[in-house]
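*Asks:* Have a look at this one before I ask anything.
The values are calculated or read from the model by the stated rules, or taken from the named source; none is laboratory data. Values in this document were obtained by computation on a predicted structure and should not be read as measured data. So basically every Cβ, Gly included, is an ideal-geometry build from the backbone, and we count neighbours across all protein chains shown. Ligands, DNA and RNA are excluded from the accessible area calculation, which covers all protein heavy atoms including side chains. Shrake-Rupley method; radii C 1.70, N 1.55, O 1.52, S 1.80 Å.
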Amino acid sequence: MPRDVDMDILDVPALHSAARTSGPRPRRLRRTAALRSLLGETRLDARQLIHPLFVRAGRGIERPIESMPGHTQRSVDRLAVEIDDVGALGLPSVLLFGLPGEKDDTGSGAWDATGPVPQAIASIKRRASEIVVIADVCLCEYTSHGHCGVLDAETGAVANDATLPLLARAAVAYADAGADIVAPSAMMDHQVAAIRAALDDAGHSEVAILSYAVKYASAFYGPFRDAAESAPAFGDRRAYQLDPSNVREALREAALDVAEGADMLMVKPAGPYLDVVRRVREQFDLPLVAYQVSGEYAMLKAAAERGWLDERRAVLESLVGIRRAGADVIITYFAKDAAQWLRDES
Ligand code: PBG
């Protein structure tokens with residue numbers, strides 16, 4: 001567009017042509033890749049990504065997860081390849097989910113020292129002691145009904161206070177096995193306090209708690225429930241997870257978890273909740289983790305497989321957006337891909 005037309009549209013009073021061309025021009029700083037790289041405000045770094053793993057009871061098992069292409073349920077004896085990839089790509093940390101041999105009403109597999117998660121923790125620590133091992137603490141993978149806590153015999157609702165000692169037991173089992181961090185995700189009130197007290201009593205005062213403080217009742221967990229075989233057999237999780245329309249409630253949840261002794265906070269999902277990430281970042285000083293969940297992964301994967309999106313660009317854009325919103329660290333099923341792409345770029 002000729003400059004004169006431009007100025008006419010803006011109805012700017014006559015300016016000297018010199019003045020017209022000498023003002024701010026943001027494009028100056030976008031001219032070359034080197035300039036853009038120099039001036040990038042937000043960096044993506046493999047050192048701030050966490051790689052989730054699904055560990056299944058048994059031996060010799062590698063079962064691809066259909067709704068999460070590229071991810072596989074593995075028995076502990078088949079984890080080595082993942083651990084070696086994580087090390088080679090410079091990823092610092094893994095987050096473990098377990099699929100037990102058997103489920104029951106109380107989810108007792110969650111604290112079985114011979115279960116998949118404690119065994120995986122020990123095996124990872126033997127193979128690569130520097131990897132930060134985080135264990136998800138919840139009952140939904142271990143209960144026959146698929147809820148995140150035990151059920152009240154009379155009402156059938158998830159019983160908050162009866163669930164707390166069970167979560168605490170699971171956390172201690174993972175700490176005993178060598179976990180660096182436990183990450184309670186059941187959304188029971190006071191779970192952080194219960195776990196902190198149990199860890200301290202068991203001599204694990206050095207084990208940190210990453211609280212899923214702000215976990216929404218989200219449709220974007222769909223593929224995960226296939227992966228972890230943890231879909232509730234009846235009802236949903238709206239009586240314990242947050243309502244997607246709320247942000248003040250998210251800040252209250254985070255404040256309670258800070259008071260209860262959380263070392264790190266999490267917002268989950270990430271992409272649809274970037275405003276929440278920002279608000280939590282502004283209000284709290286603890287390290288903030290955002291979880292780009294299974295449904296976010298599946299959407300990007302599906303569109304990329306159809307050729308509707310450029311996978312690499314779309315994924316890196318989604319991750320830098322989460323960092324820009326205020327997350328220090330991102331849990332993402334793209335961790336290995338992103339680490340590889342970032343390496344190729346540098
Ligand atoms: C366990 C748990 C869930 C996720 C992480 N921990 C599922 C749920 O609450 O239903 C979801 C992760 C994802 O979708 O990637 N409670």
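*Asks:* Any chance you could count how many residues in region 266-298 are within 16 Å of the ligand (Cβ to nearest atom), within 14 Å of ALA325 (Cβ to Cβ) and of a type outside the set (Val, Ile, Thr)?
*Replies:* Result for region 266-298: 11.
*Asks:* Can you tell me how many residues within region 111-122 are in contact (Cβ under 8 Å) with a residue 24 or more places away in the chain and either assigned to a loop (DSSP other than H, G, I, E, B) or within 11 Å of the ligand (Cβ to nearest atom) (or both)?
*Replies:* Adding up the residues that qualify gives 3.
*Asks:* Sticking with this structure for a sec: Of all strands (runs of 3 or more DSSP E) completely enclosed by region 35-95, which ones contain at least 1 residues that are hydroxyl-bearing (Ser, Thr, Tyr) and open to solvent by less than 20 Å² (accessible area, probe 1.4 Å)?
*Replies:* So the answer is 72-75.
*Asks:* Name every residue in region 29-80 that is β-branched (Val, Ile, Thr), without any contact (Cβ under 8 Å) to a residue 60 or more places away in the chain and touching a helix residue (DSSP H, G or I) at 6+ places or on another chain (Cβ under 7 Å), in order of residue number.
*Replies:* Scanning region 29-80 gives ILE61, VAL76.
*Asks:* Turning to a different aspect of this structure: Can you tell me which residue within region 16-34, out of those that are of a type outside the set (Val, Ile, Thr) and part of a loop (DSSP other than H, G, I, E, B), is least open to solvent (accessible area, probe 1.4 Å)?
*Replies:* Here the answer is GLY23.
*Asks:* Only one of (1) under 25 Å from PRO116 (Cα atoms); (2) within 16 Å of the ligand (Cβ to nearest atom) fails for VAL172. Which number is that?
*Replies:* Result: VAL172 passes all but (2).
*Asks:* Same structure again: Looking only at region 269-290, count every residue that is within 19 Å of VAL315 (Cα to Cα) and touching a residue at least 60 places away in the same chain (Cβ under 8 Å) and tell me the total.
*Replies:* Count: 2.
*Asks:* Check off (1) buried (at least 18 other Cβ atoms within 10 Å of the Cβ); (2) within 16 Å of the ligand (Cβ to nearest atom) for SER144 and give me the number that stays unchecked.
*Replies:* Exception for SER144: condition (1).
*Asks:* So THR163 clears everything in (1) without any contact (Cβ under 8 Å) to a residue 12 or more places away in the chain; (2) within 16 Å of the ligand (Cβ to nearest atom); (3) of a type in the set (S, T, N, Q) except one condition, right? Which one?
*Replies:* THR163 satisfies every listed condition except (1).
*Asks:* What is the one condition in (1) among the basic types (Lys, Arg); (2) under 16 Å from TYR174 (Cβ atoms); (3) within 16 Å of the ligand (Cβ to nearest atom) that LYS125 does not satisfy?
*Replies:* Answer for LYS125: the failing condition is (3).
*Asks:* Residues to consider are GLY156, GLY149; find the one that is at pLDDT 95 or above and either under 27 Å from ARG63 (Cβ atoms) or in a loop (DSSP other than H, G, I, E, B) (or both).
*Replies:* Testing whether each residue is at pLDDT 95 or above and either under 27 Å from ARG63 (Cβ atoms) or in a loop (DSSP other than H, G, I, E, B) (or both) leaves just GLY149.
*Asks:* Here are some residues: ALA298, ALA303. Which one is without any contact (Cβ under 8 Å) to a residue 40 or more places away in the chain and more than 17 Å from GLN48 (Cβ to Cβ)?
*Replies:* Answer to the selection: ALA303.
*Asks:* Scan the helices (runs of 4 or more DSSP H) fully inside region 177-273 and keep the ones with 2 or more residues being among the charged types (D, E, K, R), buried (at least 18 other Cβ atoms within 10 Å of the Cβ) and modelled with pLDDT under 95.
*Replies:* Result: empty, no element qualifies.
*Asks:* So, one more: Would you mention how many residues in region 178-193 are farther than 23 Å from PRO52 by Cα and within 16 Å of the ligand (Cβ to nearest atom)?
*Replies:* Number of matching residues: 1.
*Asks:* Here's something else I'd like to know. Quick one: in region 147-160, of everything that is of a type in the set (A, V, I, L, M) and touching a residue at least 60 places away in the same chain (Cβ under 8 Å), which residue is farthest from the ligand (Cβ to nearest atom)?
*Replies:* Among those residues, the one meeting the criterion is ALA157.
*Asks:* Further question on the same structure: LYS103 fails exactly one of the following numbered conditions: (1) in contact (Cβ under 8 Å) with a residue 60 or more places away in the chain; (2) open to solvent by 50 Å² or more (accessible area, probe 1.4 Å); (3) more than 21 Å from the chain's Cα centre (by Cα). What is the number of that condition?
*Replies:* Checking LYS103 against (1) in contact (Cβ under 8 Å) with a residue 60 or more places away in the chain; (2) open to solvent by 50 Å² or more (accessible area, probe 1.4 Å); (3) more than 21 Å from the chain's Cα centre (by Cα), the one that fails is (1).
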